[in-house]
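No value in this document is a laboratory result; all are computed from the given coordinates. Treat the numbers as computed from the prediction; the structure is a model and nothing was measured. Cβ atoms come from the backbone with ideal geometry, glycine included; neighbour counts cover every protein chain shown.
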Amino acid sequence: MQDLIKTKQDYPEIFLDSLDHLWFQVAGTLCNIKCEHCFISCSPTNHSFEFMSFEQVNNYLEESISRGVKEYYFTGGEPFMNKDMFKILERTLELGPATVLTNGMLIIPEKAEKLKAISDNSIYSLEIRVSIDGYTEMMNDEIRGKGVFKKAMEGVRNLVVNNFLPIITVTKTWEENQDEEVLEGFINTLKSHGYPRPRLKILPSIKIGKEAARTKGYDKYEYVTNEMLVDFEMSNFICANSRIATSKGVYVCPILIDSPDANLGNTLEEASKGYELKHQACYTCYLFGAICSNYSSVGRDA
Amino acid sequence: MLKKVALIGGVYSNHIALKKTVEDAKQKGVDAIYCMGDLGAFGPNPDKVFPILIDNKIPVVQGNYDNSISNGLDDCQCGYTDPRDNYFAKLSYDYTFRKTNDVFKLWMKHLPTEIRFELGNYKVLLSHGSPRQMNEFLWETTTPTHFLEKLCADYNADIICATHTGIHWERKFKDDKYFVNVGVIGRPENDGNTFVGYTILELENDFVNAKYIPVEYDHHALAKEMKEEKLPEQFIETILSGWWTTCLEVLPAKERIKGKF
């Protein structure tokens, strides 16, 4: 593995405390765009992971009930490329809250209305997280591809008119001292595109997959050691409270599905075993906490 | 035997509402009053809260704020991750820490993290955030029923009560189990109303029901005191308008859309 740099066998081991968050790689690695910073290099032709069917998802949902899973997350690839997506959301929202991580481009007015109907029919929250990586067309499209900004903003607008407050999820690709300028830029842009109360979530970049090629990847000292974990709150690691189901079984976390060792089994039960924090991406989780979860779920794991 | 108890959620230094709430609960003839933590934060002059609780012999569950203040931690453990939320949380935390007497800090340090009692045949468990973690948010729209069932089983309780989120809700589920978020009396519920509220849990004909009791209090007096203490205008606006202006990013979609900001 490219991101494995340690050679000695004393990786810190982490155990699943409780399965609070169940993720689904519902669109596999298939996406309608090819972002320059994608940590699992999704694209229209990357079939490493295939779409999950309604039945596959539902089996895991059923298994999740007795385990007391608190939140369900759907990612890809682009989840709305999955033809079963609406049916999957309907079923999920019978059981608990759902969050979809999308690029927003496929959320045309009819689909936004359908999402509203599904959301209105449930007592639980349906969160839509739309990834946008620049507050100008140029800044965004440089990373996410030509024409993406306009379509994503249309998706956001369609969600907003249907009573959603999408969480705009931004991967940080700028310098520390530009934080204020970028945040203000995003807020102003979103307001001017018909989203008066924008919600933002800033993520650090994960320097694997295509992002490793775009930047220089991790430095060789960036990994987690036993010494770093003395008095450390282990629930900061997403793998202390989460697993991700895919078309090829259950993996330890959404970031590491390209690593065969992160496949922990075919059922949630099998995937409840511990895991060694041997990947450099674990270092990002160590630094920033469980970055993948929603803000509303913090307190438990961030 | 207990039949009717008052459960008071986050106080957030709102001593005016606390006094009013205790009077109201007594007037309604409760057998006991419990407070579920987060005594400081947000409001003015935290030291005014403690005598009301101590003089009335009100058992208190330790909240994350109380745990932080009494142990001299760097922040309130409120679980905010948004920079703006953290900015306001820090202002409030530093103020509360500075204005809390050491004697009260010591008193808070030894508060229990849970209180258990029986209401008829029902085993009631009071916690601040959740039984498993003091600062866990249990919002109505992000807490599945099967999750609550597991909590009841894991913690051997029939009725679990919590506060922490700032918005009251309740759900009954199978085998006569019950979850109740009792609300808070520290600030209004982000619905444009200025009142706050607490919960009465009452045993009636062998069933327990939770009733949320709105409490009108002199919120203008509180706002005046907050102004004198130079607390942020945004906090005062919440007290006067009933809308949350800060620490909004932790709200799930459905709770957030109901608010103004």
Exercise. Considering every pair of different Cα atoms, what Kirkwood radius, in Å, is found for segment B:4-258?
Worked result: 18.1
For this session: Calculate the mean, over all residues of peptide B:244-255, of how many other protein chain Cβ atoms lie within 10 angstrom of the residue's Cβ.
Result: 5
For this session: Give the Cα extents of segment A:249-298 along the principal axes, in whole Å, largest first.
Result: 29, 25, 17
Exercise. At what distance in nm do the modelled label points of B:V103 and A:D10 sit from each other, each positioned 7 Å from its Cα along Cα→Cβ?
Worked result: 5.2
Seminar exercise, completed: With Cα springs under 10 Å, the Gaussian network model of chain A assigns the largest mean-square fluctuation among A:C292, A:C282, A:C42 to A:C292
Exercise. Roughly what angle does helix B:83-99 make with the longest principal axis of chain B, taking Cα atoms, 0 to 90 degrees, to the nearest 10?
Worked result: 90
Seminar exercise, completed: Partner shielding of B:144-156, as the mean number of partner chain Cβ atoms within 10 Å, equals 4
Exercise. What order do you get for A:223-235, A:115-127, B:63-75 when each peptide is scored by the mean count of other beta carbon atoms within 10 Å, highest first?
Worked result: B:63-75, A:115-127, A:223-235
Problem set entry | In segment B:121-232, lysine pairs closer than 19 Å at Cα, eight or more apart or cross-chain | 10
Exercise. Check B:Y198: other-chain or 5+ apart residues with amide H under 5 Å from its amide H, H built from backbone geometry?
Worked result: B:I213, B:V215
Seminar exercise, completed: The answer for A:T99, listing residues at least 5 apart or on another chain whose modeled amide H is closer than 5 Å to its amide H, is A:Y72, A:Y73, A:F74, A:E127
Exercise. Highest GNM mean-square fluctuation, chain A, Cα pairs closer than 10 Å: which of A:F288, A:F39, A:F80?
Worked result: A:F288
Exercise. Given H placed 1.01 Å from N in the peptide plane, which residues other than close sequence neighbours of A:N46 have an amide H under 5 Å from its amide H?
Worked result: A:C31
Seminar exercise, completed: Fewest-first ordering of B:W169, A:W23, A:W174 by Cβ atoms within 10 Å yields A:W174, B:W169, A:W23
Seminar exercise, completed: Under the Karplus relation with 6.51, -1.76 and 1.60 and θ = phi - 60°, whole-Hz ³J(HN,Hα) for segment B:69-79, x at Gly and Pro, equal 4, 6, 9, x, 6, 6, 8, 7, 6, 6, x
Exercise. In Å and whole numbers, how far do the C-alpha atoms of the protein assembly as shown stretch along each principal axis, longest first?
Worked result: 70, 51, 47
Exercise. How much FRET efficiency would the formula 1/(1 + (r/R0)^6) give for B:E228 and B:D94, where r is the Cβ-Cβ distance and R0 is 25 Å, rounded to 0.05?
Worked result: 0.90
Exercise. Where both partners of a DSSP beta bridge lie in segment B:4-258, what percent of those bridges are antiparallel, to the nearest 5?
Worked result: 65
Exercise. Which of the trypsin sites (Lys or Arg not before Pro) found in segment B:1-86 are loop residues per DSSP with 16 or fewer other Cβ atoms within 10 Å of their Cβ?
Worked result: B:K3, B:K28, B:K57
